[in-house]
Amino acid sequence: MTVLGQATTAAEHAAEAAIAAIPAWADAVISYRAATVPVISTMHRSIDCDGFAVTVDGEPLFLKITHPEARPWMNMAATFEAASAAAALGVAPTPRYFLPEAHAIVFDRLDAPWHTAMMHDLQSLDVFADVTVAKKRIHAGARFKRDWSVFGGIRTVQAALADSATADATDAWWMLDTVADIEAAFRAAGTDSVPCHADGLASNIMIGPDGAIRLVDFDMACNTDPHYELGCLLNEAYVFEEQMRAALERTEGAVHETVLNRCRLYAIADDLYWGLWATLMNATSERRGIEFLKYANWRLLRCRMAIRDYGFERMLRAI
């Protein structure tokens, strides 16, 4: 652990500035260490923020500081609000301090035996079901201040790509056209909007004693269609439709074709969104050691494969 005044990197200096911004810690004994390493292939983790394990008079806390490149894409006030609501429901660590000028939030820290979920964890039907239970508790809570849809997100990234003169994949046009058809189908069929964690990444799920689940990273939290959230989670955990069917039967009690179709269509849109976003980051980010292009290619490949699946048109017509 590093004590205050020993910072040597830009991230550590930012951490010490955030710590100094909390008056209640003025006379505390404080130490800290980097707790996260950014990686985007094959696990998307800690790309938007620097994370520090902070100990304040023996109390374990977690300091999250938004990376400058991510700030245009994030609303930390909305993140703090959503994380606070989820913590009150017992499904997330409690956020303690919101530090707007430092672009930071301090949370309770989940130390061992808590651990970050991995892909193999989510492939357990019991774990998958427990995660969906936690997310459904948020769905039943008070609405968040932020509304968002993956289709609007795609348009936002498209505009940023155009502004930066970044070239996308040469076949992006037909994926965009197809996802526009998906959006039109949802608009015609109707969708719900509830408060959602809106994050399907395994790395943003913590598993604790006796299989307890806590959700972390509420940067994407918003009011959106719960089928979008479920679709992202299914897409993260499973490769094959029969696996998704088993998970839906475990969590929903039955497999409804319209629900499965909605989830899979939202997963296609989500892959396109993150593929475009990673393409933009590959062209504009100063962090050349992060494999944004590899991640973009993987998400766009999965999007292409799903659209070209023989059952795609059937899904589109039965939502």
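Regarding segment 112-234, what's the average projected area of the Cα-atom convex hull, expressed in nm²?
Average of the hull's projected areas for segment 112-234 equals 9.7 nm².
Principal axes first, then extents: for the Cα atoms of segment 253-319, list largest minus smallest coordinate on each axis, whole Å, largest first.
46, 26, 13
Tell me which of L300, T116, T258 sits at the most positive position along the dipole axis of the chain, charges placed on C-beta atoms (Lys, Arg +1; Asp, Glu -1).
Of the listed residues, the answer is T258.
Tell me the angle of helix 150-163 to the major Cα principal axis of the chain, expressed in degrees between 0 and 90 and rounded to the nearest ten.
Orientation of helix 150-163: about 70 degrees from the principal axis.
List the relative contact order of the chain as a percent without decimals, with contacts defined as Cα pairs under 8 Å and 6+ residues apart.
Normalised by residue count, the contact order of the chain is 17 percent.
Only sites in a loop by DSSP and with at most 15 other Cβ atoms within 10 Å count here; which trypsin sites (Lys or Arg not before Pro) in segment 145-215 make the cut?
K145
What angle, in degrees between 0 and 90 and rounded to the nearest 10, separates the Cα long axis of helix 10-20 from the longest principal axis of the Cα atoms of the chain?
For 10-20 against the chain, the angle is about 70 degrees.
Counting each DSSP H run of 4 or more residues in the chain as -39500 (n - 2.57), what helix-only mean residue ellipticity at 222 nm follows after dividing by all residues, to the nearest 500 deg cm²/dmol?
After summing the helix terms and dividing by the residues of the chain, the value is -15000 deg cm²/dmol.
How big is the charge dipole of the chain about its Cα centre, in debye rounded to the nearest 20, if each Lys and Arg gets +1 on its Cβ and each Asp and Glu gets -1 on its Cβ?
320 debye
Which of the trypsin sites (Lys or Arg not before Pro) across segment 240-289 are loop residues per DSSP, with 14 or fewer other Cβ within 10 Å?
Those satisfying the criteria are R287, R288.
Report the Stokes-Einstein translational diffusion coefficient (µm² s⁻¹, integer) for segment 2-108, Rh taken as the Kirkwood radius over Cα pairs, at 25 °C with viscosity 0.890 mPa s.
171 µm²/s
Please determine, in degrees from 0 to 90 and to the nearest 10, the orientation of helix 257-284 with respect to the longest principal axis defined by the Cα atoms of the chain, where the helix direction is its Cα long axis.
Long axis of 257-284 versus the principal axis of the chain: about 50 degrees.
After finding the eigenvalues of the alpha carbon gyration tensor for the chain, what semi-axes result from the square roots of 5 times each, listed largest first in whole Å?
Rounded to whole Å, the semi-axes are 34, 23, 17.
Using Cβ counts within 10 Å as a stand-in for footprinting exposure, how do T42, T2 rank, fewest first?
Fewest-to-most Cβ neighbours within 10 Å comes out as T42, T2.
So which chymotrypsin sites (Phe, Trp or Tyr not before Pro) in segment 243-311 pass both tests, a DSSP loop state and at most 10 other Cβ atoms within 10 Å of the Cβ?
Filter output for segment 243-311: Y310.
Just so you know, all these numbers are worked out from the coordinates, no wet-lab data involved. All figures in this text were calculated on a predicted structure; none of them were measured in a lab. So basically every Cβ, Gly included, is an ideal-geometry build from the backbone, and we count neighbours across all protein chains shown.
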